[in-house]
1. Show me, bin by bin at 10 Å from 0, the whole-percent P(r) of region 71-117 based on Cα pairs.
2. Compute the signed sum of charges (Lys and Arg +1, Asp and Glu -1) over the other residues within less than 13 Å, Cβ to Cβ, of A43.
3. Most fluctuating residue of I65, I14, I35 in a GNM of the chain with Cα springs under 10 Å: which is it?
4. Would you give the gap between the C-alpha center of region 58-115 and the C-alpha center of region 1-46, rounded to a whole Å?
5. Mind checking which helices in the chain clear 24 Å along their axis (Cα) and have mean Kyte-Doolittle hydropathy of 0.0 or more, DSSP H runs only?
6. On average over all directions, what projected area in square nanometres does region 2-119 have, based on the convex hull of its Cα atoms?
7. In a GNM of the chain with a 10 Å cut-off on Cα contacts, which of G95, G107, G63 has the highest mean-square fluctuation?
8. Return the calculated 222 nm mean residue ellipticity for the chain, to the nearest 500 deg cm²/dmol, obtained by summing -39500 (n - 2.57) across DSSP H runs with n ≥ 4 and dividing by the residue count.
Amino acid sequence: MDYVLIVLTSLVAIEHIYFLYLEMFLWTKPKGLRIFGLSAEKAAITRGLAANQGLYNGFLAAGLIWGLFYPDKLVGTQIQLFFLICVLVAAVFGGLTVKRSILYIQGLPAALAIMALLFI
């Protein structure tokens, strides 16, 4: 059953590494403009904000990876739980304030990983 948690937590971490990449490096590129529905002008103005947001997504991924590889399994699962809850809270906030799909894309995998951690 540990494999389910490892896979789900890894998926959330990989998602956040991808979010970092999108927000820090592709924000003003055609793919970033398309994904985020931005004009080139708006993307240029908000580039610094997006990079900062991407950096925070990287911190979430780093925390999840840290929890996965922490040598003490009990402490590692507590670290994972903390960062998964952070991701879920961010997803709920983003889903309510920015775009509903954030709740599903970011929140659902985190919620599944939390359930796996707590109930499996």
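Derivation of every value follows stated rules applied to the coordinates shown; laboratory data play no part. Quick caveat, the model's predicted, so the values are computed rather than measured. Note that each Cβ is placed from the backbone with ideal geometry, even for glycine, and that neighbours are counted across all protein chains shown.
1. 31, 45, 18, 5
2. +3
3. Among I65, I14, I35, the largest GNM mean-square fluctuation belongs to I35.
4. 15 Å
5. Long hydrophobic helices here: 2-25, 40-69, 73-97.
6. Projected area, direction-averaged: 7.0 nm².
7. G95
8. -28000 deg cm²/dmol
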